[in-house]
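The values are calculated or read from the model by the stated rules, or taken from the named source; none is laboratory data. No experiment lies behind these values; they were computed from the predicted model shown. Note: accessible area is taken over every heavy atom of the protein model, side chains too, but ligands, DNA and RNA are not part of it. Shrake-Rupley method; radii C 1.70, N 1.55, O 1.52, S 1.80 Å.
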Amino acid sequence: MRAPPRTPARRAAAGALALAAALPLALGGCADPAPHRPRATASTAGPSAASTATLIQVCTRLIAYWAVQELTGGEGAGLDWEQKGLSNEQRAIYDDIVRAAHAERDAHGPDAARRLIERQAAQRCTAANGATHSSENWRPPT
């Protein structure tokens, strides 16, 4: 059986998935500051809580990664929101954070802008439970 052709959209989607898996290593500073703290699991918090936490983590990592890329002119900075693997709701959060990060960088430098990105991505994704609504093409992780 022959594999489907690798279109630009498929390559971007595969890249976004690989990025989500590798992002904790790339961001470094986003690691849990208290790794010894027990974490909720599906058995202790129920399956709904575990999947919401996962959605929030994916949202936070995607938005933070792409916002830093945009801020620094990094690889893929010019991709559109679908190529970045963002839902419509995540795109709106991303746009707000990128605007704020540019202003923060101009006022206080690039390190302050990165901290703002990480902080706001975590806050906004948590408040929106992963921000997956309003996206016709978004599918939950398997």
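So, for the range 75-116, what is the accessible surface per residue at a probe of 1.4 Å, expressed in square angstrom?
Heavy-atom accessible area per residue stands at 54 Å².
Leaving out ligands, DNA and RNA but keeping every protein chain, what accessible area does residue 80 have, in Å² rounded to the nearest 10, with a 1.4 Å probe?
Only protein atoms counted, so the area is about 70 Å².
Scale the Cα Rg of the range 69-126 by the rule-of-thumb value 2.2 N^0.38 Å and send over the ratio, two decimals.
Normalised Cα radius of gyration, the range 69-126: 1.09.
Sorting 66, 81 by accessible area (1.4 Å probe), largest first, what list results?
81, 66
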